[in-house]
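Everything on this sheet refers to the single structure shown next.
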Amino acid sequence: MASPYAFTRHAKDRSGARAIPEMIAELIIEYGESRDAGDGARKYALTKESLSHLRRRAGSGIAKALSFYRDRNAYVVACGGRIITVAYANHPLFN
C-alpha cells in the first residue's frame with residue numbers, strides 16, 4: 001500500500017538519523033494532535049489523549065509501541081501532504 005504522504009529528502013534523512021520510521025511518522029500525523037508551525041505547515045505530536053484514542057481503535061500493542069515515541073517527544077512537521085521533518089523535542093510540545 002502506498003503512503004498518503006510524500007517524504008521530502010530532508011524528512012527521509014532525519015527519519016533514518018533519528019530512528020523514527022516513516023510509518024511511525026505517518027501514525028503520529030494520523031493520531032497525534034496538531035498545531036500551526038508557520039508558513040502553512042502543521043506540527044504533530046502524540047498526547048495522552050491521542051494514544052488513548054489509538055488504543056481504543058487499534059489495541060494496546062500499537063499504542064504501547066507508539067508510547068515509546070511519545071515519551072521521547074517525537075514530532076512531525078508536514079505541509080500539503082508532504083512530511084518536511086521528524087525530530088524529538090526537549091520537552092512535550094502539547095500537554
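Hey, among Ala41, Ala37, Ala25, which residue is surrounded by 13 or more Cβ atoms within 10 Å (Cβ to Cβ), hydrophobic (A, V, I, L, M, F, W, C) and either free of Cβ contacts under 8 Å to residues at least 12 places away in the same chain or within 15 Å of Leu93 (Cα to Cα) (or both)? So that I can check it myself, show each step before the final result.
Values: Ala41 fails: either free of Cβ contacts under 8 Å to residues at least 12 places away in the same chain or within 15 Å of Leu93 (Cα to Cα) (or both); Ala25 fails: either free of Cβ contacts under 8 Å to residues at least 12 places away in the same chain or within 15 Å of Leu93 (Cα to Cα) (or both).
Within the list Ala41, Ala37, Ala25, the selection yields Ala37.
Can you work out which of the residues in segment 12-22 that are in contact (Cβ under 8 Å) with a residue 60 or more places away in the chain and either basic (Lys, Arg) or part of a strand (DSSP E or B) (or both) is surrounded by the fewest Cβ atoms within 10 Å (Cβ to Cβ)?
Of everything passing the filter in segment 12-22, Arg18 is surrounded by the fewest Cβ atoms within 10 Å (Cβ to Cβ).
Pick out the one residue from His91, His53 that is assigned to a helix (DSSP H, G or I) and without any contact (Cβ under 8 Å) to a residue 40 or more places away in the chain.
Values: His91 fails: assigned to a helix (DSSP H, G or I).
From the options His91, His53, the qualifying one is His53.
What are the residues in segment 66-79 that are farther than 15 Å from Thr8 by Cα and either free of Cβ contacts under 8 Å to residues at least 40 places away in the same chain or assigned to a strand (DSSP E or B) (or both), if any? Full working, then the answer.
Start the filter on segment 66-79 by keeping residues that are farther than 15 Å from Thr8 by Cα, which leaves 66-75.
Selection gives Ser67, Phe68, Arg70, Asp71, Arg72, Asn73, Ala74, Tyr75.
Does segment 50-71 hold any residues that are closer than 14 Å to Pro92 by Cβ and exposed (fewer than 12 other Cβ atoms within 10 Å of the Cβ), and which are they?
Residues of segment 50-71 that are closer than 14 Å to Pro92 by Cβ, as a first pass: 50-51, 67, 69-71.
Matches in segment 50-71: Asp71 only.
Residues of segment 63-77 being of a type in the set (A, V, I, L, M) and over 15 Å from Pro21 (Cα atoms), which ones? Full working, then the answer.
The first filter runs over segment 63-77 and keeps only residues of a type in the set (A, V, I, L, M), leaving 63, 65-66, 74, 76-77.
Once the filter is applied, which keeps residues that are of a type in the set (A, V, I, L, M) and over 15 Å from Pro21 (Cα atoms), segment 63-77 yields only Ala63.
Does segment 80-88 contain any residue that is part of a loop (DSSP other than H, G, I, E, B) and either more than 12 Å from the chain's Cα centre (by Cα) or modelled with pLDDT under 95 (or both)? Steps first, please.
Quick first cut of segment 80-88, residues part of a loop (DSSP other than H, G, I, E, B) only: 80-81.
Next, only the ones that are either more than 12 Å from the chain's Cα centre (by Cα) or modelled with pLDDT under 95 (or both) stay: 80-81.
For segment 80-88, residues part of a loop (DSSP other than H, G, I, E, B) and either more than 12 Å from the chain's Cα centre (by Cα) or modelled with pLDDT under 95 (or both): present.
The values are calculated or read from the model by the stated rules, or taken from the named source; none is laboratory data. Please read all numbers here as calculations on a predicted model, not as lab measurements. We place every Cβ from the backbone using ideal geometry, glycine too, and count neighbours over all the protein chains shown.
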